[in-house]
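Inspection log for the structure reproduced underneath, given as structure tokens.
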Amino acid sequence: QLQASGGGLVQAGGSLRLSCAASGRTDTIYARGWFRRAPGKEREVVATISRSGNTTHYADSVKGRFTISRDNSKNTVYLQMNILKPEDTAVYYCAASRNRFITGSNYPNQYRYWGQGTQVTVSS
């Protein structure tokens, strides 16, 4: 249902763009988000975006460096990551919600569909 791509190895200060393409019943997808899980840490929200794209939210740790966007004609959401830091190293997961009443959520249980995860490694 969700296929994430774009991860890789980058030096600190560099950039990466993640993509997450949805397939199947895309008409039931509303808010979307990116989460990440670093080694030894719990999964945390990175950014969320409403169906229209007009409402976005970011974790404090990535504000000003990451940008979430979506192209509904391609059923794809993106995460542009700039000025990457070693602490951004994690497996990144995209998620999609079927809840039409939210514009985004920090809670994983609000998302019905999950991508397989893509590794982002930032070297110092």
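The values are calculated or read from the model by the stated rules, or taken from the named source; none is laboratory data. Everything numeric here is computed off the predicted structure, so don't read it as measured data. Ideal geometry is used to build each Cβ from the backbone, glycine not excepted, and the neighbour counts take in all protein chains shown. Ligands, DNA and RNA are stripped out before the accessible areas are found, and what is left, the full protein with its side chains, is counted by its heavy atoms. Shrake-Rupley method; radii C 1.70, N 1.55, O 1.52, S 1.80 Å.
Listed values, structure above:
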read-out: Whichever lysines have a C-alpha closer than 22 Å to that of Lys63, once near sequence neighbours (fewer than 8 apart) are set aside; value: Lys41, Lys85
read-out: Anisotropy class of the stretch 52-124 from Cα gyration tensor, a/c 1.5 cut; value: prolate
read-out: FRET efficiency, Asn82 to Arg112 (Cβ-Cβ, R0 41 Å, nearest 0.05); value: 0.90
read-out: Convex hull projection area averaged over all views, the chain, Cα basis, nm²; value: 6.8
read-out: Accessible area per residue, Å², the chain with all protein chains present, probe 1.4 Å; value: 52
read-out: Apportionment of accessible area to carbon and sulfur, the chain, percent (1.4 Å); value: 45
read-out: Euclidean distance of C-alpha centroids, the stretch 61-78 and the stretch 1-54, integer Å; value: 8
read-out: Inter-label distance for Lys63 and Arg17, nm, one decimal - labels placed 7 Å from Cα along Cα-to-Cβ; value: 2.5
read-out: Surrounding net charge for Arg25, when Lys and Arg each add one and Asp and Glu each subtract one, Cβ distance under 15 Å; value: +4
read-out: Eligible aspartates and glutamates near Lys74 by straight Cα distance, threshold 19 Å, same-chain separation 8 or greater; value: Asp27
read-out: Placed amide H near Gly8: partners under 5 Å, 5+ positions off or other chain; value: Val120, Thr121
